[in-house]
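Visitor: Just passing along the structure, written as structure tokens.
The values are calculated or read from the model by the stated rules, or taken from the named source; none is laboratory data. All values reported here derive from a predicted model rather than from experimental measurement. Don't worry about glycine lacking a Cβ; one is built from the backbone with ideal geometry, like all the others, and counts go over all protein chains shown.
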Amino acid sequence: MAASDVTDKEPDPFDAIVDAPFDSALEERYLVYALSTITARSLPDLRDGLKPVHRRLLWAMRQLKLNPTDAFKKSARVVGDVIGKYHPHGDASVYDAMVRLAQDFALRYPLVEGQGNFGNIDGDNAAAYRYTEARLTRTALRLMEGLDEGTVDFIPTYNNEDEEPEIFPGLFPNLLANGASGIAVGMATNIPSHNVAEVVDATLELIDNPHVEHARLMELFQGPDFATGGIVPESAETISAAYETGRGSFRVRGRFHAAEAEKADDAEAGIERLGGGQWQLVISEIPYQVAKGKLIEQIAQAIADRKLPILDDVRDESDEQIRIVLVPRSRNVDPELLKESLYKLTDLEVRFGLNLNVLDATRTPMVMGLKELLGNWVASQIDILQRRSQHRLDQIARRLELVEGYIIAFLNLDRVIEIIRTEDEPKAVMMKEFSLTDRQAEAILNMRLRSLRKLEEMQLRQEKDDLLAEKDELEKLLGSPARQRTRLKKDLKALRKEYGEDTALGARRTTIAEAAPAVEFSMDAMIEKEPITVILSKRGWIRAAKGHVDLAQEFKFKEGDELAFIAHAQTTDKLLLATDNGRFFTLGADKLPGARGFGEPVQSTLDIDAEAKIAALIVHAKDKRVLLAADTGKGFAAETSELLAETRKGRQVVNLKGDAKLVVVRPIDPAHNHVAAVGENRKLVVFNLEELPVMARGQGVKLQNYRDGGLSDATTFVLEDGLSWQMGGKGDRTRTETDIWQWKVARGGAGRMPPQGFPKDNKFT
């Protein structure tokens, strides 16, 4: 055959191309993918609270008979069965899902019991599945109860070789008990875990009163109950509003508790008293889904970055119980301030976003409030109860058919034996003679000889009576919605006893209590107040000596350098550095280097122009004013709060033109009422302080008028007390001129020569 003939018979691949708009084709395919992600991967089913991967894991373990009383089996065996029979996805993702079901810090009521390394709250991963073993928990069996009783539909697996349940029919309220989280396409879900006893109480209230108010449900259903405990410091109104709509958020905090504290108040506050008035804080619980190792790293980093200067150290003393010890910098630190600082700077407080987005009975994604959620779950449980009852009725009918056949056989035993011994086709003869069905005749022929004793007949009659009585009860149950609700309530109360508040598993772990108003949080408040002496050299090297040392003593500087400014301060103070180009910078006194060396250049911390010189160093004080003046003779008063700069680039306060320089930066005493200015021409002018404007930024106004030169110095003083200036020579001698009123003129005057003895450098200090 020619090659061309073969080619002619092969289908042309271009025949399969469909002419369609690209956007519509893409949209159609993406919607299929999105729907698959929503319904078959990311969102839990309202009825059993499980995603398909979790359901298939538990089903595979049930098929392997991994009951709580049976031996463990390798996790690899379980994962292999799941991906081979039910869930054709990656083994890593399936094993991760299985690990989470076994972690008591991830699931409030674990569904898998693990043996081996299944990870820990530090954030460490589980061992490989070839090293670990697993089996089901009693809670998982509760969730799967009724699978053999016709309660749910079974659907084919992905390869049609087997069947799997569509949902689990158990009465355990897994959706709210264990919660769920997932991100689908265009939607997500985030449901916290809750206390089973509280879920049951709210459900019972809803069954009794379908029109119950949401507020009444929230009285019984307090809110989340996380596996790791902690505290939800929100008001009842905030939590109630979130559950009413199905969307909201609330804070979750770790718990401070010191088991070894002598006083109950200290234990509750997490304070352990040590000798000599020292104390330490103990964290006993951390927020849900926060890795302990990560939290400790955050605290340690905050200490290293000096964001928590009131905290000295953090230690992890945990064993089976969490115990994170926090050592304050000193015993004078406020414990509440330390706690608030940790809440704001670390994951000791996180925000949990509530999103009750689930798949309802029709597999439709929907965000539901608490009442709607419980109502739908009750409806699904009623449906399961009806299906279980109908399934049992069908079983009773089949069994009654056989029992009645057995009784007929016993009543006519001799004739039955004779038919069997003499007839070639005894089955047909018996069916005709005794009006038996095919199943009844077949069952009689399959009876064992030992069943022909008299006692067996009595047992059959008793069994028939029992089955008829049970049938009557089930028919009444199916015919009465009120009976169905009563039966569901009875079953729920039995479940509540198993998970009650007095049980180890059922006791509430998370405390819901509105927090007291937070302690005012500021970095300044966290700095321990200590006296220091700030030393700044002419070349811009700054340091801080401990304590208030004598300002007149000599300090060592680098060769060619000398003292420029020195001031007493506290570690809690802010330092204002003014440069001669009119720019102000801010330094925290607690961040200054020690005085053992020569310090550090301020340029390493602040972005000061290389050409600029430091004109002043002032310790910031609230509600104070500063006199600012340039060598042009213009100036103004500024509030100290307006001089603080938030960035290392500083703040431009005095606007200067050309080669003008800022020459006067002097604090104004509140008692002062006049300004004195002296020019380079040695003329002095005095005017009222009220004439000086208070500005946040600008050039200011003319203080003194000059024909030649500019401003040399300016100061403020009390006119009645006179003007003082520092005398030359040794010592701190000063001279005061009381008749200074002679130099008083309006602001901007030229002035006159100063009093006799005024310093030749034209400086007041």
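Visitor: Confirm whether GLU404 is free of Cβ contacts under 8 Å to residues at least 12 places away in the same chain and surrounded by fewer than 17 Cβ atoms within 10 Å (Cβ to Cβ).
Guide: So GLU404 does not fit the description; no.
Visitor: Considering only the range 300-393, give the strands (runs of 3 or more DSSP E) lying wholly within it that have at least 3 residues that are touching a residue at least 40 places away in the same chain (Cβ under 8 Å) and of a type outside the set (D, E, K, R).
Guide: Fully inside the range 300-393 and qualifying: 324-328, 349-355, 357-359.
Visitor: Restricting to the range 174-200, name every residue that is closer than 9 Å to ASP225 by Cβ and within 17 Å of the chain's Cα centre (by Cα).
Guide: Within the range 174-200, PRO192, SER193, HIS194 qualify.
Visitor: Say we look at the range 209-241 and pick out the residues that are among the charged types (D, E, K, R) and free of Cβ contacts under 8 Å to residues at least 60 places away in the same chain; which of these is farthest from ILE121 (Cα to Cα)?
Guide: Result: GLU213.
Visitor: Determine whether the range 540-561 contains at least one residue that is aromatic (Phe, Trp, Tyr) and farther than 30 Å from ALA304 by Cβ.
Guide: Scanning the range 540-561, I find at least one residue that is aromatic (Phe, Trp, Tyr) and farther than 30 Å from ALA304 by Cβ, so the answer is yes.
Visitor: Quick check: anything in the range 753-761 in contact (Cβ under 8 Å) with a residue 24 or more places away in the chain and closer than 23 Å to ASN655 by Cβ?
Guide: no
Visitor: From the list THR640, THR605, which one is in contact with a His (Cβ under 6 Å, 6 or more places away or on another chain), over 14 Å from ASP580 (Cα atoms) and among the polar types (S, T, N, Q)?
Guide: THR640
Visitor: Still on this structure, please answer the following. Which one of ARG108, ARG100, ARG77 is modelled with pLDDT of 95 or more, under 20 Å from ALA227 (Cβ atoms) and surrounded by fewer than 22 Cβ atoms within 10 Å (Cβ to Cβ)?
Guide: Only one candidate passes the filter, namely ARG100.
Visitor: Also: Which number in (1) assigned to a strand (DSSP E or B); (2) out of contact with any Leu (no Cβ under 8 Å at 6 or more places or on another chain); (3) modelled with pLDDT under 90; (4) not charged (D, E, K, R) marks the one condition that SER712 misses?
Guide: SER712 satisfies all of (1) assigned to a strand (DSSP E or B); (2) out of contact with any Leu (no Cβ under 8 Å at 6 or more places or on another chain); (3) modelled with pLDDT under 90; (4) not charged (D, E, K, R) except (3).
Visitor: Continuing with this model, one more query. Considering only the range 635-675, state which residues are touching a Phe, Trp or Tyr at 6+ places or on another chain (Cβ under 6 Å) and either among the aliphatic types (A, V, I, L, M) or part of a loop (DSSP other than H, G, I, E, B) (or both).
Guide: Those that are touching a Phe, Trp or Tyr at 6+ places or on another chain (Cβ under 6 Å) and either among the aliphatic types (A, V, I, L, M) or part of a loop (DSSP other than H, G, I, E, B) (or both): LEU643, ALA645, GLY650, VAL653, HIS672, VAL675.
Residues checked against (1) over 30 Å from TYR30 (Cα atoms); (2) of a type outside the set (Gly, Ala, Ser); (3) touching a Lys or Arg at 6+ places or on another chain (Cβ under 7 Å):
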position	(1), (2), (3)
GLU161	no, yes, no
PRO169	yes, yes, no
ALA177	yes, no, yes
SER181	no, no, no
GLY186	no, no, no
HIS194	yes, yes, no
ASP208	yes, yes, no
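Visitor: Now a separate question. Quick check on ASP48: is it in a loop (DSSP other than H, G, I, E, B), surrounded by fewer than 17 Cβ atoms within 10 Å (Cβ to Cβ) and acidic (Asp, Glu)?
Guide: Details: in a loop (DSSP other than H, G, I, E, B): yes; surrounded by fewer than 17 Cβ atoms within 10 Å (Cβ to Cβ): no; acidic (Asp, Glu): yes.
Taking the combined requirement at face value, the residue does not satisfy it.
Visitor: Separate question: Just a yes or no: is a residue in the range 332-355 crowded, with 17+ Cβ neighbours inside 10 Å and under 16 Å from PRO44 (Cβ atoms)?
Guide: Yes, because at least one residue in the range 332-355 is crowded, with 17+ Cβ neighbours inside 10 Å and under 16 Å from PRO44 (Cβ atoms).
Visitor: For the list (1) outside any strand (DSSP E or B); (2) closer than 19 Å to ALA258 by Cβ; (3) touching a residue at least 24 places away in the same chain (Cβ under 8 Å), I need the number of the one condition that TYR288 fails.
Guide: (2)
Visitor: Could I ask something else about it? On the basis of being under 44 Å from the mean Cα position of the chain (by Cα) and among the small types (Gly, Ala, Ser), does ALA564 make the cut? Spell out how you get there, then give the answer.
Guide: On the way: under 44 Å from the mean Cα position of the chain (by Cα): no; among the small types (Gly, Ala, Ser): yes.
So ALA564 fails the test.
Visitor: Using the structure shown, decide if LEU467 is of a type outside the set (D, E, K, R), assigned to a helix (DSSP H, G or I), crowded, with 16+ Cβ neighbours inside 10 Å and out of contact with any Lys or Arg (no Cβ under 7 Å at 6 or more places or on another chain).
Guide: No; evaluated as a whole, the condition is false for this residue.
Visitor: Could you please give the count of residues in the range 215-258 that are assigned to a helix (DSSP H, G or I) and either in the same structural domain as PRO110 (by TED's automatic domain parsing) or hydroxyl-bearing (Ser, Thr, Tyr) (or both)?
Guide: 4
Visitor: Moving to a separate point now. Please pick out the residue among THR245, THR189 that is out of contact with any Phe, Trp or Tyr (no Cβ under 9 Å at 6 or more places or on another chain), among the polar types (S, T, N, Q), surrounded by fewer than 19 Cβ atoms within 10 Å (Cβ to Cβ) and within 27 Å of PRO365 (Cβ to Cβ).
Guide: The conditions single out THR245.
Visitor: Okay, moving on. For a quick check of your reading of the model, give me the residue pairs whose first member lies in the range 414-432 and is of a type in the set (A, V, I, L, M, F, W, C), whose second is outside any helix (DSSP H, G or I), with beta-carbon atoms closer than 8 Å and at least 6 apart or on different chains.
Guide: VAL429/GLU423; MET430/LEU436; MET431/THR437
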